[in-house]
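As structure tokens, the structure follows; a few thoughts come after it.
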Amino acid sequence: MAKEFAVRPVIFPSSTGNPNVPQHSRHPGAASAPPFQPPRPTAPGPANPSIPFMSFDVGAASASSSFSAPVFASVSTGGGGHFSVPGSFEDEPPLLEELGINTRQIWRKTLSILNPFRVKPDLHEDADLSGPFLFLMAFGLFQLLAGKFHFGIILGWVTVAALFLYVVFNMLAGRNGNLDLYRCLSLVGYCMLPMVILSAASLFVPHGGVLIFSMAAVFVLWSTRVCTGLLVELASGGDEHRGLIAYACCLVYLLFSLLIIF
């Protein structure tokens with residue numbers, strides 16, 4: 001038979017005087033303690049020497065803050081009545097200018113390519129790849145409308161063509177040649193404009209006939225003439241080998257015309 005033990009109830013001191021504790025849980029013989037009252041705030045005085053880690057002024061600590069108020073730029077009113085804040089977005093240059101894209105220069109170079117009998121080499125002295133990239137994307141878009149996905153082929157062929165013309169020109173010019181690869185790639189890309197026009201016109205011309213081959217021959221000669229003139233005028237040492245340079249350019253743009261026809 002199990003023996004029963006008498007267990008006295010546990011009385012916590014914190015429950016004394018607590019109204020939330022039920023009355024039956026208190027010891028009947030315990031005296032009721034006065035209700036708890038929070039301490040009243042006192043005026044800041046000298047720190048208690050017996051507690052070294054609390055030796056600070058509570059009033060001074062509450063007045064200070066780790067966050068400072070934001071400081072705004074001064075706003076000045078101009079003559080037109082507009083508010084101009086120094087360092088605002090209004091003073092920033094346009095996004096195209098920050099990226100190095102000059103739309104006016106691209107438009108002038110495009111107009112110079114459209115006239116094969118009056119080439120303006122001075123417009124192409126500052127080489128860029130923004131205009132050639134737009135022409136190549138347009139070329140690939142027209143090919144896509146024709147049912148041909150040639151974006152990767154076009155970009156790869158242009159890169160190989162620029163490298164080919166760069167090597168051929170510098171080998172013909174010798175030590176006098178000063179054509180760099182960046183400028184050569186820019187010129188080859190800008191001279192792709194006739195191929196872009198041919199790609200757009202081929203959408204309305206039946207393939208396999210004499211007309212499409214005649215158009216391709218005209219546009220290839222157009223691109224060859226413009227590219228040869230720009231290479232010879234902008235890079236020294238190519239006047240004596242104009243025919244060979246024109247032959248290399250003709251091979252490059254003939255390859256792109258075959259891509260359009262077939």
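The values are calculated or read from the model by the stated rules, or taken from the named source; none is laboratory data. As the structure is a computational prediction, the values presented were derived from the model and not from experiment. Here Cβ is always computed from backbone atoms with ideal geometry, including for glycine, and neighbour counts include all displayed protein chains.
Quick notes on this one:
- Among the residues making up region 234-247, those that are surrounded by fewer than 21 Cβ atoms within 10 Å (Cβ to Cβ), of a type outside the set (S, T, N, Q) and over 35 Å from the mean Cα position of the chain (by Cα) are G237, D239, E240, H241, R242, G243, L244, A246, Y247.
- Residues satisfying the stated conditions in region 109-120, i.e. in a helix (DSSP H, G or I) and surrounded by 15 or more Cβ atoms within 10 Å (Cβ to Cβ): K109, T110, S112, I113
- When F256 is tested against the conditions (1) surrounded by 22 or more Cβ atoms within 10 Å (Cβ to Cβ); (2) more than 32 Å from the chain's Cα centre (by Cα); (3) of a type in the set (F, W, Y), the lone failure is (2).
- The residue that is nearest to the chain's Cα centre (by Cα), among those in region 198-216 that are outside any loop (DSSP other than H, G, I, E, B), free of Cβ contacts under 8 Å to residues at least 40 places away in the same chain and more than 14 Å from L145 (Cβ to Cβ), is M215.
- Hey, S223 of a type in the set (S, T, N, Q) and outside any helix (DSSP H, G or I) or not: no
- The set of residues in region 121-139 being outside any helix (DSSP H, G or I) and either within 22 Å of the chain's Cα centre (by Cα) or within 15 Å of M192 (Cα to Cα) (or both) consists of A127, D128, L129.
- Taking every residue in region 92-118 that is over 19 Å from F133 (Cβ atoms) and pairing it with any residue that is of a type outside the set (D, E, K, R) and modelled with pLDDT of 90 or more, at least 6 positions away or on another chain, the pairs with Cβ-Cβ distances below 7 Å are P116/W222; P116/V226.
- Residues satisfying the stated conditions in region 162-212, i.e. of a type in the set (K, R) and surrounded by 14 or more Cβ atoms within 10 Å (Cβ to Cβ): R183
- Pair list, Cβ < 7 Å and 6+ apart or interchain, from region 218-235 residues that are farther than 9 Å from C250 by Cα and of a type in the set (D, E) to residues that are part of a helix (DSSP H, G or I) and modelled with pLDDT under 95: E233/P121
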